[in-house]
Each structure stands twice: as C-alpha cells, then as structure tokens.
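Student: Supplied in structure tokens, the structure appears directly below.
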Amino acid sequence: MLTLKEVSLRKGKRTYLDEVSFTAEAGRITAIVGTRSAGRTELVRIIMGLISADEGTIELEDFELDFGDRQNFGYLPAERGGYPTMRVLDQIVYLARLHGITLGAAERNALTLLGHLELADRGYAPLKNLSGAEIARVDIAATLAADPDVVVIDDAFAGLDAASLRLVTSLLRAHASSGVPVILATDDWEAAQTFADDVIILGQGKVTASGSVEKLLGDPHYRVETTDTEAAASALKSRTGISDVTTAGREAVSFRADDAKTAAAAVAELKNVKNFESVRPTLAEQYKEAL
C-alpha cells in the first residue's frame, strides 16, 4: 500500500495541497477526482518525487520514500509524449528497459500487453501511424511494461474511446489484482465511479471526501410517482422504517427506507401509484457542486 500523510505544497501565497492524507491499497484502483485546479497534478508529481512537498511524507509498505525510491513505479503524466517515428514495440521495450529489466523480459511483456490491448498487429508500425485512441493504449502498455510495483496515471482516461477504455481498465484491473496499488488522477467523475474501487475527492487542495465507491454513493433513496402526493407523503411518514419523506415535484414523493423490502411494502399500500423506483445519486451529483 502507498500512504500519504499530511502532504502540503505551497508557492508564495498559494496553497496547492493542504495536509492531504490517504492510502492507496494494494490490489485496488484508487481514483483521485477533482477539477483541474484541485491540485491533482501537483499531488501526482509529489507521489512520483518530481517535486518535493513542503510538509508530509509518502510511504510504501511503511517505508518512507526518498529521492530515487521510485525506480519501479509506472508513471504516465498528463503531458503525453512518445517517439512518433519509432516502432510501437521498440518504444515500449525501450521505456521498459529504462526501469532496469532485461531485454528479453521487456520484449515478452511488450508483446503480451499489445495482445491484451488488441494492438498485436500494430507493434511494428511507427507510432505516428496509429490513431489517437491507439496511441493512448500504447501509453498504458509502456507504463505497465516493467511490471511496476505502483502505477500512477495522471489524466487517466484522456484519449480513450469506448473500446479502448474497456481494454485499458481491464488491464489495469488485472495489474492491480496482482497486488499493486493503481492510482488514477482524473476529472472524469463517471469513469472514476465506474472503474475505481476507492475514490479520493480533492477540492482546492484538500481531501473533501474519501472511501470506497459504495461508501461514498451511500444508501439509495426511493421515488414514487402518484397523483396525490400529499396523501402519499402522509402515509409514508406514518410507516416504521421510512424516513426523509419529501415531495419531489407535483407528482412525486422521495423517501428513504431501512431496506428495499420495507420500501416496497410501504408503496404497495399507497393509492394512485404511477411509478416506483430506487434512485442513487452519482458521485458527481453528490460532491462535485460542493468543490
């Protein structure tokens, strides 16, 4: 696991990060979500040792990281690069070799990754001949080619179309499952909710909420459409196990229940019901407006 403890970063009068603390667990995908001014990129660069925090520490398996301790980290910055005229396979192998693995291991890993990303037939093409989505997949392959102990990706879902997103997230999930913390920094709330296990919500340099996706989404609430909202609201308020009853528009009532069975039983006794559904606000709906 990778643990940040009270990490702060300031420049002049501006505070980029303010006592940021969280743990990215091994075997899980952790998304750092926030707007582009939230401090996501600064936080990623501190994790990678590219800039130094003014305060705080970063630990990997309880060992405090110092300069040069990230040799076996896989890192993909927001500013994508690459060598346009170099063959795709050669590029992945070259970048993997920079981490110190053997040529044979680098070649085997590169070929395996290209196969998983459905780019096996593009390995000997120059990078410039690939589409934008294909290049984004190559970037992920290069990030994983040295079997890194920690994966850190900034602007994680940039350039990926729907097919590429499916392939890349499947590959990242497999890598995480091998016992590696995978950290994805993004402003794509929907993708973070869909593909991450844990989410760190960053706003103005501070962690405003954190936890598993399920925990942050919270319990669902229920919505019943009826032609008589006053009668429905009154009946629901009298029921045991029903709470937070409010009218939602002219023909709907919103409420919470101890469980789905209790909610269904309460609605079954109402009259003039037109529709009944479980509603669960997204992470963006619950947290984005507050940033």
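The values are calculated or read from the model by the stated rules, or taken from the named source; none is laboratory data. Treat the numbers as computed from the prediction; the structure is a model and nothing was measured. Neighbour counts are summed over all protein chains in view; Cβ atoms, including those assigned to glycine, are modelled from backbone coordinates with ideal geometry. Note: areas computed on protein heavy atoms with side chains; ligands, DNA, RNA excluded. Shrake-Rupley method; radii C 1.70, N 1.55, O 1.52, S 1.80 Å.
Student: Right, ALA31: at pLDDT 90 or above, among the aliphatic types (A, V, I, L, M) and either open to solvent by less than 80 Å² (accessible area, probe 1.4 Å) or at positive phi (or both) or not?
Tutor: Here the answer is yes, as ALA31 does meet what is asked.
Student: Something else now. Somewhere in region 206-222, is a residue touching a Leu at 6+ places or on another chain (Cβ under 7 Å) and buried (at least 21 other Cβ atoms within 10 Å of the Cβ)?
Tutor: No; the residues of region 206-222 include none that is touching a Leu at 6+ places or on another chain (Cβ under 7 Å) and buried (at least 21 other Cβ atoms within 10 Å of the Cβ).
Student: Got a number for residues in region 58-103 being out of contact with any helix residue (DSSP H, G or I) (no Cβ under 7 Å at 6 or more places or on another chain), open to solvent by 80 Å² or more (accessible area, probe 1.4 Å) and not charged (D, E, K, R)?
Tutor: Here the count works out to 6.
Student: Another question about this same structure. Strands (runs of 3 or more DSSP E) wholly in region 226-291 with at least 2 residues that are open to solvent by 30 Å² or more (accessible area, probe 1.4 Å) and either modelled with pLDDT of 90 or more or of a type in the set (A, V, I, L, M) (or both) - which ones?
Tutor: Once the strands (runs of 3 or more DSSP E) in region 226-291 are filtered for at least 2 residues that are open to solvent by 30 Å² or more (accessible area, probe 1.4 Å) and either modelled with pLDDT of 90 or more or of a type in the set (A, V, I, L, M) (or both), what remains is 242-247, 273-279.
Student: Report every pair of residues separated by at least 6 positions or lying on different chains whose Cβ atoms are under 8 Å apart, first residue within region 28-47 and of a type in the set (S, T, N, Q), second assigned to a strand (DSSP E or B) and surrounded by fewer than 24 Cβ atoms within 10 Å (Cβ to Cβ).
Tutor: Between residues of region 28-47 that are of a type in the set (S, T, N, Q) and residues that are assigned to a strand (DSSP E or B) and surrounded by fewer than 24 Cβ atoms within 10 Å (Cβ to Cβ), the close pairs are THR30/PHE22; THR30/ASP198; THR35/GLY203.
Student: Taking the stated definitions as given, is ILE201 more than 30 Å from ILE32 (Cα to Cα), in contact with a strand residue (DSSP E or B) (Cβ under 9 Å, 6 or more places away or on another chain) and touching a residue at least 24 places away in the same chain (Cβ under 8 Å)?
Tutor: no
Student: Can you tell me which residue within region 39-49, out of those that are under 29 Å from ALA174 (Cβ atoms) and in contact with a Lys or Arg (Cβ under 9 Å, 6 or more places away or on another chain), is least open to solvent (accessible area, probe 1.4 Å)?
Tutor: The selected residue is ILE47.
Student: Listed residues LEU160, LEU167; which is surrounded by fewer than 23 Cβ atoms within 10 Å (Cβ to Cβ), on the phi < 0 side of the Ramachandran plot and part of a loop (DSSP other than H, G, I, E, B)? If you could, list the steps in order and put the result at the bottom.
Tutor: Details: LEU167 fails: part of a loop (DSSP other than H, G, I, E, B).
From the options LEU160, LEU167, the qualifying one is LEU160.
Student: Right, next: Taking the stated definitions as given, is GLY12 of a type in the set (Gly, Ala, Ser), closer than 28 Å to SER178 by Cα, over 15 Å from the mean Cα position of the chain (by Cα) and surrounded by fewer than 18 Cβ atoms within 10 Å (Cβ to Cβ)?
Tutor: Numbers: of a type in the set (Gly, Ala, Ser): yes; closer than 28 Å to SER178 by Cα: no; over 15 Å from the mean Cα position of the chain (by Cα): yes; surrounded by fewer than 18 Cβ atoms within 10 Å (Cβ to Cβ): yes.
Against the criterion (of a type in the set (Gly, Ala, Ser), closer than 28 Å to SER178 by Cα, over 15 Å from the mean Cα position of the chain (by Cα) and surrounded by fewer than 18 Cβ atoms within 10 Å (Cβ to Cβ)), GLY12 does not qualify.
Student: As an exercise: evaluate ALA192 against (1) within 24 Å of GLU42 (Cα to Cα); (2) assigned to a strand (DSSP E or B); (3) aliphatic (A, V, I, L, M) and give the number of the one condition it does not meet.
Tutor: Status for ALA192: all satisfied but (2).
Student: Another question, then. Of the conditions (1) surrounded by fewer than 19 Cβ atoms within 10 Å (Cβ to Cβ); (2) outside any loop (DSSP other than H, G, I, E, B), ASP147 satisfies every one except a single condition; which number is it?
Tutor: (2)
Student: Could I ask something else about it? So which residues in region 15-24 are more than 12 Å from VAL207 (Cβ to Cβ) and buried (at least 18 other Cβ atoms within 10 Å of the Cβ), if there are any at all?
Tutor: If we filter region 15-24 for residues that are more than 12 Å from VAL207 (Cβ to Cβ), which is where we start, we get 15-16, 24.
Across region 15-24, the qualifying residues are TYR16, ALA24.
Student: A further question follows. Within region 209-220, identify whether any single residue is modelled with pLDDT of 90 or more, under 30 Å from SER37 (Cβ atoms) and charged (D, E, K, R), and answer yes or no.
Tutor: yes
Student: Next up: Can ALA141 be described as open to solvent by less than 10 Å² (accessible area, probe 1.4 Å), among the hydrophobic types (A, V, I, L, M, F, W, C), part of a helix (DSSP H, G or I) and at pLDDT 95 or above?
Tutor: Criteria met by ALA141.
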